[in-house]
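The values are calculated or read from the model by the stated rules, or taken from the named source; none is laboratory data. Given the structure is predicted, the values throughout are model-derived calculations rather than measurements. Heads up, the Cβs are rebuilt from the backbone with ideal geometry, glycines too, and the neighbour counts pull from every protein chain shown.
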């Protein structure tokens, strides 16, 4: 099974440095974001086999990215079905969603001071817990591996904040390791699905589960 995790391209809210979370306002791709997605579309079409299935977050910035990626395939008469899955949404940032950090500091100074002054998790009113994000990542990964076989080629378009949770859920770690994901970047993983649910020595066989690309993007940063 080939699995591509893909971060969406740049949106208006990203460019304005807003805390988007699951906010739909200012969620459309910028002109630069559209170029990023077009660049990735060409790379996927020329360097990768076509997908059997395409999954995307239902947030506009992800759907627009997925649509552009798929448009590169329709020119070759390849028409994979795009499946919107709510479990792929970005983490919900509650009352901070849609705000820039400066706006958030002005509106919620005490909360922002706490967020700036400590590394440990602080609940944001109306927001999502980290455990909840980890649980929905696990739910999506489990569903994916149960519904698809070893011949499947899957594209999964999601968000920079949620990608570490997906990777953690895939590898089964109790901790979520943070990393940065560039806009329109690809994380390519290969999984021997026929062995995935077996509990034997092959769990530790690195030939069966491989990371082949990590944060690979057209813009290189």
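In segment 23-57, what residues are modelled with pLDDT of 95 or more, under 16 Å from the mean Cα position of the chain (by Cα) and farther than 24 Å from residue 1 by Cα?
29, 33, 36
Restricting the search to segment 146-169, which residues are in contact (Cβ under 8 Å) with a residue 60 or more places away in the chain and over 25 Å from residue 96 (Cα atoms)?
Of everything in segment 146-169, those that are in contact (Cβ under 8 Å) with a residue 60 or more places away in the chain and over 25 Å from residue 96 (Cα atoms) turn out to be 148, 149, 150, 151, 152, 153, 154, 155, 156, 167.
Just checking: which of the strands (runs of 3 or more DSSP E) contained wholly in segment 114-221 hold 3 or more residues that are more than 18 Å from residue 40 (Cα to Cα) and out of contact with any helix residue (DSSP H, G or I) (no Cβ under 6 Å at 6 or more places or on another chain)?
Where strands (runs of 3 or more DSSP E) fall fully within segment 114-221 and carry at least 3 residues being more than 18 Å from residue 40 (Cα to Cα) and out of contact with any helix residue (DSSP H, G or I) (no Cβ under 6 Å at 6 or more places or on another chain), they are 209-216.
Tell me which helices (runs of 4 or more DSSP H) are completely within segment 1-92 and hold 3 or more residues being farther than 28 Å from residue 112 by Cβ and in contact with a strand residue (DSSP E or B) (Cβ under 6 Å, 6 or more places away or on another chain), or say none if there are none.
Passing ranges, in order: 60-74.
Kindly establish whether residue 147 is more than 19 Å from the chain's Cα centre (by Cα), surrounded by fewer than 13 Cβ atoms within 10 Å (Cβ to Cβ) and not assigned by TED's automatic domain parsing to the domain that holds residue 12.
Spelling it out, it is not the case that residue 147 is more than 19 Å from the chain's Cα centre (by Cα), surrounded by fewer than 13 Cβ atoms within 10 Å (Cβ to Cβ) and not assigned by TED's automatic domain parsing to the domain that holds residue 12.
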